[in-house]
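Peer 1: Supplied in structure tokens, the structure appears directly below.
The values are calculated or read from the model by the stated rules, or taken from the named source; none is laboratory data. If you're wondering where the values come from, they're calculated on a predicted model, not measured in any experiment. A quick note on method: Cβ atoms are made from the backbone with ideal geometry, for glycine too, and the neighbour counts reach across all protein chains shown. Only protein heavy atoms, including side chains, enter the accessible area calculation; ligands, DNA and RNA are left aside. Shrake-Rupley method; radii C 1.70, N 1.55, O 1.52, S 1.80 Å.
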Amino acid sequence: MNSARHGLAVVLFAVIVLVTLGITLWAGRRGQAAEEFYTGGREFSPLQNGLALSGDYLSAASFLGVTGLIALYGYDGVLYSIGFLVAWLAVLMLVAELVRNAGRYTLADVLALRMRQRPVRGAVGSASVVVTLLYLVAQMVGAGSLVALLLGTGNGSAKTWAIVGVGALMIVYVTVGGMKATTWIQIVKAVLLVAGSVLLTGLVLVRFHGDLAELMRSAARGSGAGEAFLQPGLKYGTGAASRLDFFSLGLALVLGTAGLPHILSRFYTVPTARAARRSTMWAIGLIGGFYLMAIVLGLGAAALVGSAAVRTANPAGNTAVPLLAQALGGGAGSIGGVLLFALISAIAFATILAVVAGLTLASSAAFAHDLFARAWRREGGRPVTERQEVVVARIAAVVIGALAIVLSLYAQRLNVAFLVGLAFAVAASANLPTLLYSLFWRRFTTRGAVWSVYGGLVPAVVLVLFSPVVSGSPTAVFPGADFHWFPLENPGLVSIPLGFLAGWLGTVTSREAADPDKYAELEVRALTGAGAA
């Protein structure tokens with residue numbers, strides 16, 4: 001029966017790969033212009049873009065990582081999902097319409113309207129590549145865990161080949177299909193993910209006759225931690241450093257979404273700012289519903305599979321959802337268990353494929369449009385044509401994909417939701433302060449923008465390198481070494497204020513005053529859409 005389970009899952013995986021490749025080939029024939037490659041022709045409706053935003057955001061961190069954390073740590077895991085959801089209110093209120101009106105393809109387009117282009121694009125483009133790389137690593141670690149479970153093996157070679165395979169597919173999606181293919185893959189994935197979550201949630205509630213109190217009691221028993229499972233502190237309550245770490249994580253999750261390059265680039269795929277706001281509202285509804293279901297799924301995994309079994313299959317909890325599906329279908333030896341396990345594993349795989357495509361496109365766009373075509377060009381040199389820019393973006397997708405594969409091989413012990421938390425911390429530290437200052441502070445200067453990006457980016461990366469994430473703990477990237485001196489796993493508590501402080505210092509010490517006319521132009525364009533692409 002085990003071989004049947006694995007065989008069916010492999011067949012469904014293959015179907016998803018073929019469907020997504022078909023979408024990619026169809027989209028790749030539709031046009032090769034820069035606007036088509038970066039934005040899909042700006043022709044998606046609010047509902048379509050809302051589904052795509054949900055598809056971009058509901059990654060392996062949500063479907064696999066958050067539910068796994070809830071299954072292992074109960075209340076503390078639920079707080080993860082709250083941070084992910086609340087972040088969208090900041091996106092809706094602060095940046096969705098303004099970014100759509102002020103930019104063209106990338107985040108740096110917004111800042112370049114009122115700043116000197118070369119230094120600002122160099123800083124923001126570099127930060128965008130770092131953020132998307134961290135996010136890519138999280139998705140590919142999830143792919144490795146999922147395929148290892150699918151094949152019934154814990155050996156490293158299965159995970160390695162899974163990571164390599166996902167990396168190769170994401171390169172094909174971006175280089176051949178661009179934004180149009182990526183968006184349609186996200187839409188298909190979002191529909192599958194919501195449908196699969198509704199199915200599993202319904203089965204969990206039926207199993208417990210709709211009694212949520214009994215579900216929680218059973219989850220507490222299955223966790224092995226008793227009542228502590230339902231109370232704060234199981235993961236983040238062991239000391240002052242642990243509590244600070246959780247606060248740091250929450251700050252990064254709430255503020256980081258508004259600085260994620262692959263999320264912000266989605267607002268350029270709709271024709272108007274009003275459509276951008278409406279697509280954000282669709283996304284909030286879909287994402288909110290999903291995270292409510294994720295709580296039920298995490299509790300269901302603890303109750304029906306048991307936290308110990310979840311931890312045995314994957315120490316970080318990344319395989320809790322497929323194991324829950326198997327238990328709901330009747331267990332490992334049943335036909336229903338085989339079918340549900342295979343179906344949910346295939347949906348999780350589709351989730352990973354869709355998100356890595358969006359991330360790779362965002363990072364390659366930042367490299368080609370901001371770094372290669374503008375920041376690294378000599379003053380007065382021949383400008384890069386749109387055709388050259390798209391060629392470089394495709395080459396960058398290959399290089400970034402290869403780098404993400406290599407990094408992912410060293411991070412397989414880490415929970416995917418936690419890895420995404422690091423990407424959010426870097427985005428909130430480097431991109432968000434610069435974006436908010438540029439949109440709302442009249443005196444903000446080019447020096448302030450550059451200092452703000454690097455003042456958040458460099459501390460965030462350095463603190464992660466010297467944190468327990470990389471060394472000094474059994475689940476670290478290098479468990480046998482210990483060179484950490486920063487006590488927190490998430491750097492947001494320190495690096496986010498540093499990003500804002502550096503932007504303020506750079507501005508008040510700048511000899512070059514801000515141009516009031518350019519700020520007025522940005523303000524009018526951001527608020528009214530006059531002159532927007």
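Peer 1: Going through Val172, Val191 one at a time, which residue ends up being surrounded by fewer than 19 Cβ atoms within 10 Å (Cβ to Cβ) and assigned to a helix (DSSP H, G or I)? Lay out the reasoning, then the answer.
Peer 2: On the way: Val172 fails: surrounded by fewer than 19 Cβ atoms within 10 Å (Cβ to Cβ).
Only one candidate qualifies: Val191.
Peer 1: Of all residues in segment 1-56 being of a type in the set (Ser, Thr, Tyr) and modelled with pLDDT of 85 or more, which is surrounded by the fewest Cβ atoms within 10 Å (Cβ to Cβ)?
Peer 2: Here is the first cut: in segment 1-56, the ones of a type in the set (Ser, Thr, Tyr) are 3, 20, 24, 38-39, 45, 54.
Adding the requirement that they be modelled with pLDDT of 85 or more leaves 20, 24, 38-39, 45, 54.
On the way: Thr20: 24, Thr24: 23, Tyr38: 27, Thr39: 25, Ser45: 14, Ser54: 26.
For segment 1-56, the residue satisfying everything is Ser45.
Peer 1: Those residues that are in contact (Cβ under 8 Å) with a residue 60 or more places away in the chain, more than 26 Å from Leu361 (Cα to Cα) and open to solvent by 20 Å² or more (accessible area, probe 1.4 Å), I need them from segment 238-290; list them, please.
Peer 2: Of everything in segment 238-290, those that are in contact (Cβ under 8 Å) with a residue 60 or more places away in the chain, more than 26 Å from Leu361 (Cα to Cα) and open to solvent by 20 Å² or more (accessible area, probe 1.4 Å) turn out to be Ala241, Leu244, Phe246, Phe247, Gly250, Leu251, Gly289.
Peer 1: Could you identify the single residue in Leu51, Leu113 that is more than 22 Å from Leu286 (Cα to Cα) and of a type in the set (A, V, I, L, M)? Step through it out loud before you land on a result.
Peer 2: Working: Leu51 fails: more than 22 Å from Leu286 (Cα to Cα).
On inspection, the qualifying residue turns out to be Leu113.
Peer 1: Here are the criteria: (1) over 24 Å from the mean Cα position of the chain (by Cα); (2) over 30 Å from Ala275 (Cα atoms); (3) open to solvent by 40 Å² or more (accessible area, probe 1.4 Å). Tell me which single one Phe478 does not satisfy.
Peer 2: Result: Phe478 fails condition (1) only.
Peer 1: A further question follows. How about segment 302-325: which of its residues are open to solvent by 20 Å² or more (accessible area, probe 1.4 Å), touching a residue at least 12 places away in the same chain (Cβ under 8 Å) and assigned to a helix (DSSP H, G or I)? Before you say what the answer is, go through the steps one by one.
Peer 2: From segment 302-325, those open to solvent by 20 Å² or more (accessible area, probe 1.4 Å) are 303-305, 308-309, 311-313, 315, 323; that's our starting set.
Okay, now just the ones that are also touching a residue at least 12 places away in the same chain (Cβ under 8 Å), so 303-305, 308-309, 311, 313, 315, 323.
Answer for segment 302-325, where residues must be open to solvent by 20 Å² or more (accessible area, probe 1.4 Å), touching a residue at least 12 places away in the same chain (Cβ under 8 Å) and assigned to a helix (DSSP H, G or I): Ala303, Leu304, Ala308, Ala309, Arg311, Ala313, Leu323.
Peer 1: Among the residues of segment 369-416 satisfying the criterion of being at pLDDT 90 or above and open to solvent by 80 Å² or more (accessible area, probe 1.4 Å), which is farthest from Gly480 (Cα to Cα)?
Peer 2: The extreme case among them is Ile395.
Peer 1: In segment 495-515, what count of residues is obtained for those that are more than 17 Å from Gln117 (Cα to Cα) and surrounded by fewer than 18 Cβ atoms within 10 Å (Cβ to Cβ)?
Peer 2: Counting residues in segment 495-515 that are more than 17 Å from Gln117 (Cα to Cα) and surrounded by fewer than 18 Cβ atoms within 10 Å (Cβ to Cβ) gives 6.
Peer 1: Can we say Ala228 is open to solvent by 10 Å² or more (accessible area, probe 1.4 Å), assigned to a helix (DSSP H, G or I) and in contact with a Pro (Cβ under 7 Å, 6 or more places away or on another chain)? Don't jump to the end; show me each part of the working.
Peer 2: Numbers: open to solvent by 10 Å² or more (accessible area, probe 1.4 Å): yes; assigned to a helix (DSSP H, G or I): yes; in contact with a Pro (Cβ under 7 Å, 6 or more places away or on another chain): no.
Judged against the criteria, Ala228 is not a match.
Peer 1: Among the residues of segment 396-446, write down those that are part of a helix (DSSP H, G or I), over 23 Å from Ala316 (Cβ atoms) and aromatic (Phe, Trp, Tyr).
Peer 2: Tyr437, Phe440
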